[in-house]
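First up is the structure itself, then whatever we jot down about it.
The values are calculated or read from the model by the stated rules, or taken from the named source; none is laboratory data. Keep in mind it's a predicted model, so treat the numbers as computed, not measured. Methodologically, a virtual Cβ is constructed for each residue, glycine included, from the backbone with ideal geometry; neighbour enumeration extends over all protein chains shown. Ligands, DNA and RNA are stripped out before the accessible areas are found, and what is left, the full protein with its side chains, is counted by its heavy atoms. Shrake-Rupley method; radii C 1.70, N 1.55, O 1.52, S 1.80 Å.
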Amino acid sequence: MPPTEATWTVPLGLAGRTPPATRRLYVETLRPGRGDTGPARRLCLEPEDDVPHVRDRLRRVCESVGLRPSQLIVEKSPEVAAARAIGGEDLLLCPPARARELGLHWRPIGEIDPVRGYALVAGSPDDADRLDALPREAIARCPGADAAPPAP
């Protein structure tokens, strides 16, 4: 969900096999040079990030810095998206915890700071009561959020 509607947010960045030399990874550095006709490094999105507040913002950055349209891809499964980064030079858009889990090197994006937003939705009033009784910090750890938000 959009960060403005979320209870918790998790930062997204780019993860790959090769450790980047900088603290932030700028999308513009992935632009193919003049005369490059071979495959260029791609940015792979997991299905969870195929939402306007993530995908469209990243697409606008890619277009503004001159990346090829084929350099931003949304995979049909998280496993395929991860495999592209693990097995090649492509980059995976993901939270830091996902990168660690996959053994990839993660950096925030230089041009934007995308996030995944999370909120709890209960199926019944009893479920809502049980969820409200849980420590917010424990719930925040589930999606990889760094801290619990202030109480509502």
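Spin-label model, A40/L134: points 7 Å from Cα along the beta carbon direction are separated by 4.2 nm.
At what distance in angstrom do the alpha carbon centres of segment 14-66 and segment 78-114 lie from each other? With segment 14-66 and segment 78-114 each reduced to a Cα centre, they are spaced 11 Å.
Counting charges near I73 (Lys, Arg +1; Asp, Glu -1) among other residues having Cβ under 13 Å from its Cβ returns a value of +2.
For R98, the solvent-accessible surface with a 1.4 Å probe is about 50 Å², rounded to the nearest 10. Counting only DSSP H runs of at least 4 residues, each contributing -39500 (n - 2.57), and dividing by the residue count of the chain, the helix-based mean residue ellipticity at 222 nm comes to -8000 deg cm²/dmol. For Kirkwood radius over Cα pairs in Å, the candidate list reads (1) 16.1; (2) 14.8; (3) 16.6; the entry that matches the value derived from this model is (3). Given a 1.4 Å probe and the protein chains as shown, S124 ends up with an accessible area of around 40 Å².
In the assembled protein chains, R60 presents an accessible area of approximately 140 Å² (probe radius 1.4 Å). The antiparallel fraction among DSSP beta bridges confined to the chain stands at about 65%.
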